[in-house]
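Reading through the structure tokens given below for one structure.
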Amino acid sequence: MTPIVSIIMGSTSDLPVMEKAAKFLDEMGVPFEMNALSAHRTPAEVDNFARQAKERGLKVIIAGAGMAAALPGVIAAGTTVPVIGVPIKGMLDGLDAMLSIIQMPPGIPVATVGVNGALNAAILAVEMLALADEALAGKLAAYKEGLKEKIVKANADLSEVKYTHKTN
């Protein structure tokens, strides 16, 4: 299998957050790779990764980073492949990482999800890929329908909870 999505993290300490993206891509049957690259400790490797991403067949890159969170932007600067940034909660509850990722200069966009939002990053990546893949679009639609069913069930369960002054 050739990966079409790459999950990149600043270090393996980010794996507990980023594995949510991996699990969703796996569930959707999307071939992906996972690597640790650091914008500050391995800048040459990050540059090589970014410059080779398109020719390697990657369609979307999910990049998680905490603190200074330069990784998503550095990758975006070196490729035309869409980059989705995942701010990782760190020193300032992830606000530092989020601000670093969303404050990109004109011409270097990075789509950004919420702090520790790797699952949403994977869903966004699948939405992008599903534009050109009907089978994947069907899997995504089924997943989203499942989200609806969870809320319908939750409301049914809540209707069974009784209080003296509850009206529903």
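The values are calculated or read from the model by the stated rules, or taken from the named source; none is laboratory data. All values reported here derive from a predicted model rather than from experimental measurement. Note that we place each Cβ from the backbone using ideal geometry, even for glycine, and neighbour counts take in every protein chain shown.
Every residue in region 113-168 that is modelled with pLDDT under 95 and touching a strand residue (DSSP E or B) at 6+ places or on another chain (Cβ under 8 Å), please. Within region 113-168, no residue meets the criteria.
Considering every residue within region 140-157, establish whether at least one is surrounded by 15 or more Cβ atoms within 10 Å (Cβ to Cβ) and under 14 Å from the mean Cα position of the chain (by Cα). No, that holds for no residue. Within the option set PRO106, PRO87, being at pLDDT 95 or above and more than 16 Å from ILE8 (Cα to Cα) holds for one residue only, PRO106.
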